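To start, the structure itself, in structure tokens.
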Amino acid sequence: MHFYFFGHLLLKLSLMQVLERNSTFVQNAFIPAIPDILNSPIEYLKGVGPQRADLLKKELNIYTFYDLLNHFPHRHVDKTKVSSIKDIDPSTEYIQVAGSLHNIAVIGIKKGKRLVAHLRDRTGTLELAWFQGISWLQKYLQSGQEYLVFGRVTFFQGKPQIVHPEMEILTAEKIDGKSFLEPIYPTTEKLRSKALGGRQIGKLTETMMKLLTEKDIPENLPDTILHKLKLINRFKAYSQIHFPANLQEYDEAVRRLKFEELFIAQLRMARLRSQRHRFSHGVKFEKVGDLFNTFYTKYLPFELTGAQKRVIK
């Protein structure tokens with residue numbers, strides 16, 4: 001609430017500054033055009049193609065790179081740290097660990113059938129379990145292979161376990177975790193069924209961001225406002241709202257982009273107001289006749305305000 005109040009006040013002051021310094025800016029309501037690369041059809045992005053593009057258009061209204069850029073994540077997952085298995089305790093909710101996979105086996109029958117395996121590091125053993133996709137996993141998982149594993153920790157018979165973990169083969173580049181918080185994007189059941197879940201959309205967004213430079217996301221706020229309100233630049237804001245290194249960077253990005261949205265909305269309203277005053281002079285009545293006087297004195301069901309009375313006079 002406090003942020004909204006002070007943010008709104010700063011927005012008003014900043015808008016007044018623009019109005020005072022450059023009335024032409026308000027009259028023209030100049031907003032930089034979208035660069036060519038952001039106008040590129042989404043099917044041209046590596047990893048999309050015609051079929052996935054059709055789904056993104058129908059399900060999420062993502063037609064261009066610009067649409068994907070403005071499809072913001074609804075949460076982030078912290079995979080910047082690789083923990084030891086011994087660090088798991090009853091208070092652990094999610095964890096990322098690395099180790100070698102052993103004892104892969106199918107146990108149980110019918111509804112109780114599941115695939116289990118054990119992940120080992122230097123400090124302990126963690127059980128992994130899957131209830132779906134067992135046939136595919138038996139072909140994919142390799143005993144002795146080192147994996148990076150992430151998931152929600154539960155306890156079964158007093159021992160830690162991750163059910164349906166996220167797994168990828170461990171490499172030297174991944175041993176220390178990610179350098180940014182992993183974004184999870186809004187998606188739909190239809191997209192998930194076609195391997196376009198929240199994390200897959202994140203990979204497409206990461207591919208796109210690597211193609212963009214600062215000139216592709218030009219600044220649209222005056223430097224004086226950026227400095228006065230300590231706002232980050234526009235390119236940095238888009239980078240950080242998708243792939244922040246930490247929560248502070250994410251908050252900086254949200255603050256900047258919210259201000260931009262409100263500022264431009266106020267600017268457009270100021271432009272309409274300016275044009276109305278410049279070009280519209282209203283309807284001038286030379287005199288007030290009997291019809292108005294009769295209605296005013298006999299039929300008007302409320303009293304006019306002082307300002308309304310002055311207009312009539």
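Read-outs throughout are calculated quantities, based only on the coordinates presented, and are distinct from any laboratory measurement. The model shown is predicted, which means the values in this text are computed figures rather than measured ones. All Cβ positions, glycine included, derive from the backbone under ideal geometry; neighbour counts span all protein chains shown.
Binning all Cα-Cα separations of the chain at 20 Å, short to long from zero, yields these whole-percent fractions: 23, 40, 24, 10, 4. Here r is the Cβ-Cβ distance between Lys113 and Asp251 and R0 is 51 Å; the resulting FRET efficiency, rounded to 0.05, is 0.65.
Kirkwood-type hydrodynamic radius, region 89-213: 16.3 Å, calculated from all non-identical alpha-carbon pairs.
Scoring 212-223, 274-285, 94-105 by mean Cβ neighbours within 10 Å over their residues and listing the highest first yields 94-105, 212-223, 274-285. Among the GluC sites (Glu not before Pro) in region 83-186, those located in a DSSP loop and surrounded by at most 10 other Cβ atoms within 10 Å of their own Cβ are Glu93. Across region 119-255, the relative contact order, built from alpha-carbon pairs under 8 Å that are at least six residues apart, equals 16 percent. To the nearest 0.05, how large is the calculated FRET efficiency for Lys313 and Ala265 if R₀ is 25 Å and r is the Cβ-Cβ distance? Calculated transfer efficiency: 0.10.
Take the Cα of Asp89, step 7 Å toward its Cβ, do the same at Lys46, and the gap between the two points is 4.4 nm.
Considering Cα pairs under 8 angstrom that are at least six residues apart, work out the relative contact order of the chain and quote it in whole percent. In percent, rounded to a whole number, it is 18. One decimal place: the segment Val163-Leu211 gains 13.7 nm when fully extended, by the rule 0.36 nm per residue minus the C-alpha distance.
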